[in-house]
Number of protein chains: 2
Amino acid sequence: VGNPLLLPELRAMLAEDDKAGLVEFMTELHPAGIAEFIEDLSVEETWQLLAHAPIEQQAAVFSFFPLEKQAELVSGVGRERMSKLLEKMSHDDRVDLLQHLDDEVVESLLPLVAKADREDIRRLLSYPEDSAGAVMTTDYATLPPEITVSDAIARVRHQAPDRETIYYIYVVDDNRHLIGFVSLRDLIIARPTARIADIMQREVVFVRVDDDQEEVARTMGKYDFIAIPVVDEQDRLVGIVTFDDLADVMEDEATEDFHLAAAVAPLPHGYSDSTIWMLFSKRAGWLVGLVFVSLLSSGVIAAYEQTLEREIILAFFLPLLIGSGGNTGAQAATLIVRALATDEVRLGEWFRTAFKEIAVGLALGATMAAASFALGYFRGGLVVGIIVGTSMMCIVLFTNLIGTLLPFALTRLKFDPAGASSPLITTLADATGLLLYFWVAGWVMSLTGRM
Amino acid sequence: VGNPLLLPELRAMLAEDDKAGLVEFMTELHPAGIAEFIEDLSVEETWQLLAHAPIEQQAAVFSFFPLEKQAELVSGVGRERMSKLLEKMSHDDRVDLLQHLDDEVVESLLPLVAKADREDIRRLLSYPEDSAGAVMTTDYATLPPEITVSDAIARVRHQAPDRETIYYIYVVDDNRHLIGFVSLRDLIIARPTARIADIMQREVVFVRVDDDQEEVARTMGKYDFIAIPVVDEQDRLVGIVTFDDLADVMEDEATEDFHLAAAVAPLPHGYSDSTIWMLFSKRAGWLVGLVFVSLLSSGVIAAYEQTLEREIILAFFLPLLIGSGGNTGAQAATLIVRALATDEVRLGEWFRTAFKEIAVGLALGATMAAASFALGYFRGGLVVGIIVGTSMMCIVLFTNLIGTLLPFALTRLKFDPAGASSPLITTLADATGLLLYFWVAGWVMSLTGRM
């Protein structure tokens, strides 16, 4: 990884127009390394530097920039040069970029792009967001079934420079129906005179063009594929999704789950690309909705207003008790939501899981009860200690069970279990906690004759 | 993906010992497909079925079972047969399995494994958990620098059957120092008479054997590598990490972040593998710790006990106000924690982000204030409406800012930003919310002469 150069030195080379040095820099390093290293160059400097590499390397470096940087660069260069670059970019990367540009910019660029590429771009742009079609690329390698292995290697060699991958090669008939699959490893090992049809794998695992990207990621992850073929309704090969897209999809899906876990509706772009209005609108819905859930708690307080007025010391422990209930419920819900998302726990295991969590809840409840008994005793004497400790035991046990069961219930009802967000659980736990607290308080006080 | 068979049919074939059918089943499908399909077979049935495939295919299918299932299978077969299978398993997969077995079982198996494999296993077992060494595999392909491309292809062909990947091939000198890298694509495209030393890439991106697996995943993701080489302190090649391990690492890291976000300490194994005691111990610490944080809230209530006793209607809005504060803070913290984790927002952007979130907080606060003014007015008249609405505005704005800044502060102090968990934020927001509520109430009531 030894890049001996510093950015100011590179800038100096640009200022002096040190052609030999710039060519060396642009060809020795990995495109991803170059892209990261020069991210802080100005738009003009970047284009000046890129010009010192062959167009394929320019396209490769360009693709490794973040999308915002790519969009910025587009606005700082002639349409002519940009259209040439687009022709050399990987088919999925250029569509990602065009989706990030304003429509006028796209419409001014496309006429300059070669016809075949233009049509390919329009087709890829037409697939719905988050579908296999939207993440796939069309620069895959194919072979006909009837040729020999040595002919196949010659063809693959010819296709290699402008294909996303040549390690998985798909066998198609004259109508582009997907009929088989060979890996480059298979080709290398096989007898040169063998026919592709005889060595290819006929049971090909594929996805449909309208499958959700999450489904695509799950299938690829299960089989450990470098790429997976995408077919249309007529079983014709229309694209492939490669392992590097899988990592992006996994990250996107994890981000969505994180946001849901905090009651934030999915953001269409990343955080830094989201406007203030977008962030507001994705958060306000849940926040306002939870106001109504919290009215349950207000109702409980209203019902026990007199108890509270008479024994105002009970108010002192309110935040502790309902807070602990919320925290316990949020822990349990998050554990279960994640275990369901990673297939570690299945819907059918809800009963066994609930049983396990009752045991965990008893242990947590006992620990928390001991701590809160001590606090209550110290602050208000034995009776208050008993009330606070007993309430804590009941609250922890109960909210732990709510947190455990809600994700299962949501899954059963065909909702996303991630809907069992920490804020929702916390707000539900508040009402439950208050109710349990006032019940226990009333019961203990009537026993001790304090009411 | 068309597997026309149903599990009962497969069971019937096993009962009848239909050799031809079983051999066909074991060789036609992808190992991952077979493993998933037969997961519910008994241990005896599984071994009976596996016996109908060559040992390499047996090892491949076996590796696709979940680890618990693999461990179960080990206990149901002779050590002799199991040791043969271990020799054919991918080097990283077999170490994962052995780490999952009891020490006595491992010690009874290892003496039967061929010496070279045994030594390889012991070495891989010695690396610390979550390090590059612990996720890497040692069955990589290498080439010396001085041979020609056609000789190299012949060697790769020879290495192919028992290497994890032959698509990335590492060039090493006589002392196994990593000096270059060629992809199989490079080899296929190159002139057959060219020397490897002339076509290889000399700037090799690598990781160190003791690097954290998260660092490995980040580097691989940045460069979109199928595999990345792992070197020791003397720059000698000791292993590779492949893209399929990357997906596992990403999932593990996401799970850890999810758990932290709900104040659950990292679980060493998955949820279903965790004992009740383990779950208890990973949750109790935070829960008890948060008890002390919630004492801040109790302190605020104690300080304003008289206000509350006089105006008990204020208690009615307590859950609404502190709940909304917690929810807002949890949303903001999760957005920022995730944006930091995915490198969308950097530490240096804290000021810009805070500015953005003040705007979002104002919009959310205004919305929530309107809703709570209405509730307050309806329940207690104009003054109460003003108190509740104004408090809500302040609380949302303030907790949103806490949620935004805490992850930055934790990062700055070299803590994991994910420590800004929803439970911690909620508990902090409770105290802040109460304080703001009583301040606003006191101020409005003194203005209106109600106190």
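The values are calculated or read from the model by the stated rules, or taken from the named source; none is laboratory data. None of the values given here were measured: they were computed from a predicted structure. All Cβ positions, even for glycine, are placed from backbone atoms using ideal geometry, and neighbour counts span all protein chains on display. SASA here: full protein model, heavy atoms, side chains in, ligands and nucleic acids out. Shrake-Rupley method; radii C 1.70, N 1.55, O 1.52, S 1.80 Å.
Each copy carries a label point for A:Ala302 at 7 Å from Cα along the beta-carbon vector; from one copy to the others these points are 3.2 nm apart, nearest first. Trypsin sites (Lys or Arg not before Pro) within the range A:349-428: which are DSSP loop residues with at most 11 other Cβ atoms inside 10 Å? Answer in residue order: A:Lys414. Rounded if a/c is under 1.5, else prolate if a/b beats b/c, else oblate: with a ≥ b ≥ c from the C-alpha gyration tensor eigenvalues square-rooted, which is the protein assembly as shown? Judged from the Cα gyration tensor, the protein assembly as shown comes out prolate (a/c at least 1.5, a/b above b/c).
If the chain linking B:Asp162 and B:Ile358 were pulled fully straight, counting 0.36 nm for each residue of separation and taking away their Cα-Cα distance, it would gain 64.8 nm. Under 5 Å from the amide H of A:Ala141 lie the amide H atoms of A:Thr165, A:Tyr170, each residue being 5 or more positions distant or on a separate chain, with H modelled from the backbone and absent for Pro and chain starts. The residues of the range A:122-261 expose, per residue, 41 Å² of accessible area to a 1.4 Å probe.
Per residue of the protein assembly as shown, the DSSP helices (runs of n ≥ 4 H) give a summed -39500 (n - 2.57) that works out to -21000 deg cm²/dmol at 222 nm. A simple rule links phi to the HN-Hα coupling: the Karplus curve 6.51 cos²θ - 1.76 cosθ + 1.60 with θ = phi - 60°, which for the range A:296-308 gives 4, 5, 4, x, 4, 4, 4, 5, 10, 4, 5, 4, 5 Hz, with x for Gly and Pro. Fully extending the segment from B:Gln306 to B:Ala265 would add 10.8 nm, taking 0.36 nm per residue of separation and subtracting the current Cα-Cα distance.
For A:Val345, nonlocal amide neighbours, meaning residues 5 or more places apart or on other chains whose placed amide H falls under 5 Å from its own, are A:Leu340. The alpha-carbon of B:Lys84 sits under 19 angstrom from the alpha-carbons of these lysines, leaving out residues fewer than 8 places away in its chain: B:Lys69, B:Lys115. Sorted largest first by accessible area at a 1.4 angstrom probe radius, with every protein chain in place, the residues A:Asp92, B:Asp162 fall in the order B:Asp162, A:Asp92. Is the shape of the range A:171-229 rounded, prolate or oblate, going by the alpha carbon gyration tensor and its root eigenvalues a ≥ b ≥ c, with a/c under 1.5 for rounded and a/b larger than b/c for prolate? Cα axes put the range A:171-229 in the oblate bin. Taking 23 Å as the straight-line reach from the Cα of A:Lys282, the lysines in range (excluding those fewer than 8 positions away in the same chain) are A:Lys414, B:Lys356.
Inter-label distance, B:Val23 to A:Leu347: 4.1 nm, where each label sits 7 Å from its Cα along the C-beta direction. Each peptide among B:198-210, B:69-81 gets the average number of other Cβ atoms lying within 10 Å of its residues, and from highest to lowest they stand as B:198-210, B:69-81. Based on C-alpha pairs under 8 angstrom that are at least 6 apart in sequence, chain B has a relative contact order of 10 percent. Between helix A:91-100 and chain A, what is the angle of the helix's C-alpha long axis to the longest principal axis, kept within 0 to 90° and rounded to the nearest 10? That works out to roughly 60 degrees. Relative protection proxy for B:99-111, A:225-237, from highest mean packing down: A:225-237, B:99-111 (other beta-carbon atoms within 10 angstrom). Computed with a 1.4 Å probe over protein heavy atoms only, the accessible surface of the range B:1-86 comes to 47 Å² per residue. Anything losing 50 Å² or more of accessible area from the isolated chain to the full protein assembly: pick those residues out of the range B:330-372, probe 1.4 Å, ligands and DNA/RNA ignored. Buried-area filter returns B:Gln331, B:Thr334, B:Leu335, B:Arg338, B:Glu344, B:Lys356, B:Val360, B:Leu364, B:Met368. Working note: Karplus 6.51/-1.76/1.60 with θ = phi - 60° gives the range A:389-402 the couplings x, 5, 4, 4, 4, 5, 5, 5, 4, 6, 5, 4, 6, 4 Hz, where Gly and Pro are set to x. For chain B, a/c is not less than 1.5, where a ≥ b ≥ c are the root eigenvalues of the C-alpha gyration tensor, and a/b tops b/c. That puts it in the prolate class. For peptide B:195-206, the mean count of partner chain Cβ atoms within 10 Å of a residue's Cβ comes to 2. Taking 7 Å steps out from each Cα toward its Cβ at A:Val106 and A:Asp248 produces label points 1.5 nm apart. Modelled label positions at B:Arg79 and B:Glu215, each set 7 Å beyond Cα in the direction of Cβ, lie 3.9 nm from each other. Available extension along the chain between B:Leu7 and B:Arg202 is 65.0 nm, counting 0.36 nm per residue and deducting the alpha carbon span. Sparsely packed loop sites in the range A:369-448 (the chymotrypsin sites (Phe, Trp or Tyr not before Pro) outside DSSP H, G, I, E and B with at most 16 other Cβ atoms within 10 Å) comprise A:Phe415.
Before we go on, tell me the buried accessible area for the A/B pair, both chains summed, 1.4 Å probe, in Å² to the nearest 100. In total, chains A and B hide about 10600 Å² from solvent. Here the accessible area is traced with a 1.4 Å probe on the protein chains. For the range B:265-310, carbon and sulfur cover 65 percent of it. Estimated from the Cβ-Cβ distance and a Förster radius of 56 angstrom, the FRET efficiency linking B:Thr193 and B:Glu233 is about 0.90.
Counting Cβ atoms of other protein chains within 10 Å of each Cβ in B:280-287 and taking the mean gives 5. Averaged over the residues of peptide A:254-266, the number of Cβ atoms from other protein chains lying within 10 Å of each residue's Cβ is 6.
Taking the Cα centre of the range A:240-319 as reference, the dipole from Cβ charges on Lys and Arg (+1) and Asp and Glu (-1) amounts to some 620 debye. If a spin label sat at a point 7 angstrom from the Cα of B:Glu44 along the line to its beta carbon, the backbone N atoms of the range B:66-101 nearer than 18 Å would be those of B:72-79. Between copies, A:Ala12 shows label-point distances of 8.1 nm, shortest first, with the point placed 7 angstrom from Cα along Cα to C-beta.
So how tilted is helix B:350-380 from the main axis of chain B? Cα-based, degrees 0 to 90, rounded to 10. That works out to roughly 50 degrees. Label-point spacing for A:Gln234 across the identical copies (point 7 Å from Cα in the Cβ direction), in nm and ascending order: 6.2.
Evaluating 6.51 cos²θ - 1.76 cosθ + 1.60 at θ = phi - 60° for every residue in the range A:439-448, the Karplus couplings come out as 4, 4, 4, x, 5, 5, 5, 5, 5, 8 Hz, glycine and proline recorded as x.
Protection proxy ranking, highest mean first, for peptides B:16-26, B:330-340: B:330-340, B:16-26, where packing is the per-residue count of other beta-carbon atoms within 10 Å, averaged.
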